[in-house]
Amino acid sequence: MKNLIYFILLISFLLNCKKGPDEYDVKVKINRIEIVREGEDKKPILIDVELNYPDCPGDQIEIIRAGKDFAECFLTKHKVNDIAKAKILWKWRDLGFYKWDVIGLSGCERVVDPEEEGSYDMIEECEDFLEYGAVVGFRCKRVATADLIAACPWFRRK
């Protein structure tokens, strides 16, 4: 009986155990840089940076919003179409899934504000849609596929 209780406790522990957090260093392309807000001294205090992940299959787009310190560092290093190194933190969320955050770009630390709503990400893999062997359009999947997860594991949610 005692062994059964230990077994149940062990299974319960293993089922509730979450992996991570993990960090990834990845290559990103800078698609767009937008100064959202400037201070009285005309220096950026909020910035949006649109990224994509050239080494990942499909079209992964992410817009990150960051504050003054990040903007000051980042704007001295990069312009649109540059390739940069991103540091990604992948961790469990209380909402019941894993999520990633870009916590740095090319040595510029990004502190993620849990209340900010300006950041956005879109995972999309599109393929031709055929009718009778002819391409008539395209169909997109907005859920990470096995190929995407294999190449870019921080996109996994479970």
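The values are calculated or read from the model by the stated rules, or taken from the named source; none is laboratory data. All figures in this text were calculated on a predicted structure; none of them were measured in a lab. Counting neighbours? That spans all protein chains shown, and the Cβs are built from the backbone with ideal geometry, glycine included.
Assorted remarks:
- The requirement of being in contact with a Cys (Cβ under 7 Å, 6 or more places away or on another chain) and at pLDDT 85 or above is not satisfied by Ala86.
- Given (1) closer than 27 Å to Arg93 by Cα; (2) buried (at least 18 other Cβ atoms within 10 Å of the Cβ); (3) at pLDDT 95 or above, number of the condition Pro44 does not satisfy: (1)
- All positions within region 112-128 that are over 14 Å from the mean Cα position of the chain (by Cα) and either polar (S, T, N, Q) or loosely packed, with under 12 Cβ neighbours inside 10 Å (or both): Pro114, Glu115, Glu117, Glu127, Asp128
- Residue count, region 59-82 (criterion: part of a loop (DSSP other than H, G, I, E, B) and without any contact (Cβ under 8 Å) to a residue 60 or more places away in the chain): 7
- Of all residues in region 129-157 being of a type in the set (D, E, K, R) and surrounded by 10 or more Cβ atoms within 10 Å (Cβ to Cβ), the one that is modelled with the lowest pLDDT: Arg142
- Scanning region 78-101 for residues that are within 14 Å of Glu50 (Cα to Cα) and either within 17 Å of the chain's Cα centre (by Cα) or not polar (S, T, N, Q) (or both) gives His78, Lys79, Val80, Asp82, Ile83, Ala84, Lys85, Ala86, Asp101.
- For region 103-116, the count of residues that are in contact with a Pro (Cβ under 6 Å, 6 or more places away or on another chain), modelled with pLDDT of 90 or more and closer than 21 Å to Lys29 by Cβ is zero.
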